[in-house]
Protein chains: 2
Amino acid sequence: MYIGPASGFRLERESEYGSREQNEAAAEIVGAVRREGDEALLRYTELHDRVKLTPDRLRVTEAEISAAYEKVEPAFLDALRQAAANITAFHEKQKRSSWMDLQPDGTMLGVVMRPLKRVGLYVPGGKAAYPSSVLMNVLPAKVAGVPEIALVTPPATGGREGIDPYILVAAAEAGVTEMYRIGGAQAVAALAYGTASIPAVDKICGPGNIYVALAKRAVFGAVDIDSIAGPSEIVVLADDSADPRYVAADMLSQAEHDEMASAVLVTTSERLAQAVAAELDRQVATLPRREIAERSLEQYGAILTVGSLAEGVEVINKLAPEHLEVITEDPMAVLGTIENAGAIFLGPYSSEPVGDYFAGPNHILPTNGTARFSSPLNVDDFVKKSSLIRYSREALLRDAAGIATLARHEGLEAHARAVEIRLEGGESQ
Amino acid sequence: MYIGPASGFRLERESEYGSREQNEAAAEIVGAVRREGDEALLRYTELHDRVKLTPDRLRVTEAEISAAYEKVEPAFLDALRQAAANITAFHEKQKRSSWMDLQPDGTMLGVVMRPLKRVGLYVPGGKAAYPSSVLMNVLPAKVAGVPEIALVTPPATGGREGIDPYILVAAAEAGVTEMYRIGGAQAVAALAYGTASIPAVDKICGPGNIYVALAKRAVFGAVDIDSIAGPSEIVVLADDSADPRYVAADMLSQAEHDEMASAVLVTTSERLAQAVAAELDRQVATLPRREIAERSLEQYGAILTVGSLAEGVEVINKLAPEHLEVITEDPMAVLGTIENAGAIFLGPYSSEPVGDYFAGPNHILPTNGTARFSSPLNVDDFVKKSSLIRYSREALLRDAAGIATLARHEGLEAHARAVEIRLEGGESQ
């Protein structure tokens with residue numbers, strides 16, 4: 001871990017784009033499913049997941065979902081439902097109405113907002129299957145009004161057939177309308193192009209392994225995809241008022257995710273820097289995911305000292321972290337200068353896990369410095385807009401010369417004539 | 001051109017992804033500019049544009065911009081300024097404020113909206129350099145509040161050194177802050193990674209040739225890019241009340257763009273279908289871009305008859321056209337059923353060129369069926385959001401058990417502890 005002045009630190013991690021072989025493997029699967037539909041889908045499922053299915057067994061049944069509810073603890077279900085209610089309430093505030101602007105001459109301009117019709121969600125198998133991520137992906141689409149949400153997830157986990165009951169329950173609670181036991185690049189291709197058993201979607205969301213990511217990239221254009229998540233990070237901006245135990249605990253909650261994760265403290269306090277370093281050592285020692293957290297801290301962790309909070313904010317705007325905590329005497333005083341961060345947590349009680357699970361804002365955030373230009377997953381990601389233009393004859397008369405001038409300058413004579421033909425003779429019948 | 005029942009028609013055009021050689025050429029240029037900066041930028045400019053530049057001559061000077069104003073006609077400038085005022089006014093209505101939700105226990109949740117800091121716009125050379133597209137790309141960024149907008153465009157057009165004065169004037173009017181005489185994949189790479197002469201941007205917009213498109217795709221992730229435009233289309237939905245001269249003129253205004261463009265009439269009126277076919281023949285004969293328009297109509301044009309307007313809307317929702325005109329007795333009656341269209345033009349006087357140049361909505365629209373999931377270029381495309389979370393101790397006490405339950409279920413012990421450590425003992429000092 002780097003400990004020292006901010007000027008000596010640079011965070012650089014490569015995103016995963018896959019080898020040529022991996023790209024070719026993903027492309028081959030996508031092409032086969034596009035051409036052959038269910039047949040290829042079942043073939044690759046048998047090959048990669050070692051589960052032999054028939055088309056009528058692709059879809060998870062109501063009975064299986066009911067059985068899943070029997071398996072989850074009441075405390076889990078209660079927490080999940082409260083989280084879902086909070087996430088829904090927050091995203092409801094992002095909804096926008098279609099609008100129009102009416103002018104006295106009869107002109108009407110506007111924007112129509114409509115939900116996407118059908119969205120697909122990829123949920124990875126095994127340990128990376130997070131019920132919280134199911135809520136975070138599905139609920140913004142639900143709030144947007146998307147009527148059909150299809151979930152896909154591998155049919156087996158670690159050799160054992162069957163889908164995690166917690167995932168099934170989270171999906172049912174969130175309002176997923178269909179679930180299919182398919183995974184990998186073949187599942188992405190089925191969602192993108194449709195098969196006899198699985199209708200095509202308009203957008204595919206959700207994380208997956210490298211083949212899933214490459215397949216998503218390959219089908220982009222035929223459907224929309226969400227951004228492909230890179231390694232994630234937390235930066236804590238703190239002054240001497242911060243409690244080192246809290247700071248260290250929050251850094252570890254990022255570091256335990258994976259070895260590529262990055263946890264960085266930026267502080268004006270030499271005392272805090274030392275105390276957090278000691279706390280990290282102390283707290284990491286008893287973590288179940290100790291090895292992962294230690295490797296993350298070692299490679300991508302840092303404690304950076306700065307001369308002022310303003311200098312600290314400069315460092316942060318360059319890092320553009322996924323998560324930013326501001327634990328200073330007056331967090332609102334620096335908020336106005338923070339330009340780049342996916343989610344901003346203010347004050348000593350706003351620990352990152354509050355946002356990961358519960359408060360309501362989305363935990364799917366721009367990673368690896370992309371907060372410079374991207375945003376948390378939100379309702380807009382499931383809405384498409386159409387512009388609306390109604391011109392009156394009066395308005396067209398007023399603007400015709402200007403339109404024709406610009407069109408002719410660009411060499412587009414038919415554009416000019418399309419306007420002028422409407423002004424020949426009288427009104428349209 | 002296909003003329004007949006809608007059930008017999010399918011529109012399929014491949015988007016351009018480039019050959020392996022083209023991809024490799026673009027990747028090589030991007031890599032060289034990333035590594036070597038200005039040196040590679042100038043080398044490729046000499047190689048591909050046959051113009052030898054020095055770093056101090058990359059930027060277009062104030063004197064050149066003033067000289068450009070001397071060359072454009074007053075009628076052009078007037079029309080351009082009116083168009084810019086209309087586009088600005090329409091996009092102003094898309095702006096959104098940051099918002100917050102305050103709860104009695106001291107919790108604050110919200111979203112901060114901030115403009116991107118620096119945007120690059122690619123403007124192709126030659127005949128594809130459209131002043132109207134400069135306005136349509138720059139003004140939404142300007143309205144969003146982007147402080148730095150850098151334009152790049154090739155230094156020579158058809159062998160002649162110099163940038164089109166109409167482009168320079170449109171850029172100056174729109175509020176571009178810097179202009180550089182560079183083009184091709186090397187210009188995209190310079191914008192993405194920065195050089196000694198050209199600071200890196202956060203997002204790259206604008207159309208270009210295949211090498212520009214491939215370079216944009218290659219730098220995506222380091223910066224954001226706009227969607228890559230595919231072949232474009234118009235669909236006119238009309239009943240017996242429509243004037244066949246208007247319908248044909250609007251179809252031709254799309255067909256003259258390029259041979260891949262598609263113009264389709266969907267109508268309930270056999271009489272209109274016949275009359276439009278005759279009008280197309282009559283009107284195309286005198287167009288300067290007759291050959292392009294004829295090839296477009298021949299390959300991708302169609303006149304489709306349907307049994308009802310409802311059936312017509314079904315056809316439209318499948319095509320998801322870039323432009324849709326509704327020329328029926330009561331256009332508002334069908335508007336509620338139209339799901340997929342980039343821009344919708346209502347009534348006999350709302351000719352597509354009104355939207356291309358003047359009314360205010362953006363003319364950069366989702367093409368090739370992507371209106372199913374994408375939107376016209378708009379102010380949101382130049383805004384990034386940050387979630388805001390401030391929890392109080394009271395709120396954390398209330399939610400801690402739920403957060404810890406979900407975190408432990410997902411195997412993330414450090415997440416649970418980060419919350420619980422804050423509830424040990426008393427309040428934070």
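The values are calculated or read from the model by the stated rules, or taken from the named source; none is laboratory data. Small disclaimer: the values here were computed from a predicted structure and weren't measured. Cβ atoms come from the backbone with ideal geometry, glycine included; neighbour counts cover every protein chain shown.
Just one residue in the set B:Val146, B:Val138, B:Val119, B:Val111 is in contact (Cβ under 8 Å) with a residue 12 or more places away in the chain, part of a loop (DSSP other than H, G, I, E, B) and under 29 Å from A:Gly342 (Cβ atoms); that residue is B:Val146.
The rows are residues; the columns are (1) within 9 Å of chain B (Cβ to nearest Cβ); (2) in contact with a Phe, Trp or Tyr (Cβ under 6 Å, 6 or more places away or on another chain); (3) within 30 Å of B:Lys117 (Cα to Cα); (4) β-branched (Val, Ile, Thr).
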| residue | (1), (2), (3), (4) |
| --- | --- |
| A:Arg295 | no, no, no, no |
| A:Ala320 | no, no, yes, no |
| A:Leu335 | yes, no, yes, no |
| A:Ala343 | yes, no, yes, no |
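For the structure I just gave you, tell me whether A:Ser253 is touching a helix residue (DSSP H, G or I) at 6+ places or on another chain (Cβ under 6 Å) and of a type outside the set (A, V, I, L, M, F, W, C). Answer is yes for this residue. Only residues that are in a helix (DSSP H, G or I) and of a type in the set (S, T, N, Q) were counted across the stretch A:38-94, and they come to 5.
Within the stretch B:208-254, if we keep just the residues that are assigned to a helix (DSSP H, G or I) and at the interface with another protein chain (Cβ under 8 Å from one of its Cβ atoms), the residue that is farthest from the chain's Cα centre (by Cα) turns out to be B:Arg245. Might you check whether a residue that is more than 30 Å from A:Ala333 (Cβ to Cβ) and crowded, with 20+ Cβ neighbours inside 10 Å occurs anywhere in the stretch B:388-401? No, the stretch B:388-401 has no match at all.
Taken over the stretch A:255-272, the criterion of being under 33 Å from the mean Cα position of the chain (by Cα) and of a type outside the set (A, V, I, L, M) is satisfied by A:Glu256, A:His257, A:Asp258, A:Glu259, A:Ser262, A:Thr267, A:Thr268.
From the list A:Gly125, A:Gly110, which residue is under 30 Å from B:His91 (Cβ atoms) and surrounded by 15 or more Cβ atoms within 10 Å (Cβ to Cβ)? Of the residues listed, the single one that is under 30 Å from B:His91 (Cβ atoms) and surrounded by 15 or more Cβ atoms within 10 Å (Cβ to Cβ) is A:Gly110. Residues that are part of a loop (DSSP other than H, G, I, E, B) and under 20 Å from A:Phe373 (Cα atoms) within the stretch B:173-194 comprise B:Val176, B:Thr177, B:Gly194, listed in sequence order.
Of B:Gly360, B:Gly411, all but one fail to be surrounded by fewer than 24 Cβ atoms within 10 Å (Cβ to Cβ), facing chain A (nearest Cβ under 7 Å) and more than 29 Å from A:Ala255 (Cβ to Cβ); the exception is B:Gly360. With respect to B:Gly355, determine if the residue is touching a residue at least 24 places away in the same chain (Cβ under 8 Å), at the interface with another protein chain (Cβ under 7 Å from one of its Cβ atoms), under 28 Å from A:His415 (Cβ atoms) and surrounded by 24 or more Cβ atoms within 10 Å (Cβ to Cβ). Yes. Cβ-Cβ distance below 8 Å, separation of 6 or more or different chains: which pairs start in the stretch A:212-228 with a residue that is at positive phi and end on one that is buried (at least 21 other Cβ atoms within 10 Å of the Cβ) and not hydrophobic (A, V, I, L, M, F, W, C)? Listed pairs, sorted by first residue: A:Gly221/B:Thr370.
Just wondering, is there one or more residues in the stretch A:374-389 that are in a strand (DSSP E or B), facing chain B (nearest Cβ under 7 Å) and closer than 30 Å to B:Gly106 by Cβ? No, the stretch A:374-389 contains no residue that is in a strand (DSSP E or B), facing chain B (nearest Cβ under 7 Å) and closer than 30 Å to B:Gly106 by Cβ.
Within the stretch B:405-428, the only residue that satisfies the criterion of being closer than 16 Å to A:Ser350 by Cα, acidic (Asp, Glu) and modelled with pLDDT of 95 or more is B:Glu420. Whenever a residue of the stretch B:72-85 is within 21 Å of B:Gly355 (Cβ to Cβ) and more than 8 Å from every other protein chain (Cβ to nearest Cβ), its partners that are crowded, with 16+ Cβ neighbours inside 10 Å and hydrophobic (A, V, I, L, M, F, W, C), lying with C-beta atoms within less than 8 angstrom and at least six residues away or across chains, give the pairs B:Ala84/B:Leu135; B:Ala84/B:Leu139; B:Ala84/B:Ala174.
The set of residues in the stretch A:314-333 being touching a strand residue (DSSP E or B) at 6+ places or on another chain (Cβ under 7 Å), among the aliphatic types (A, V, I, L, M) and within 23 Å of A:Asn368 (Cβ to Cβ) consists of A:Val315, A:Ile316, A:Leu319, A:Leu324, A:Val326.
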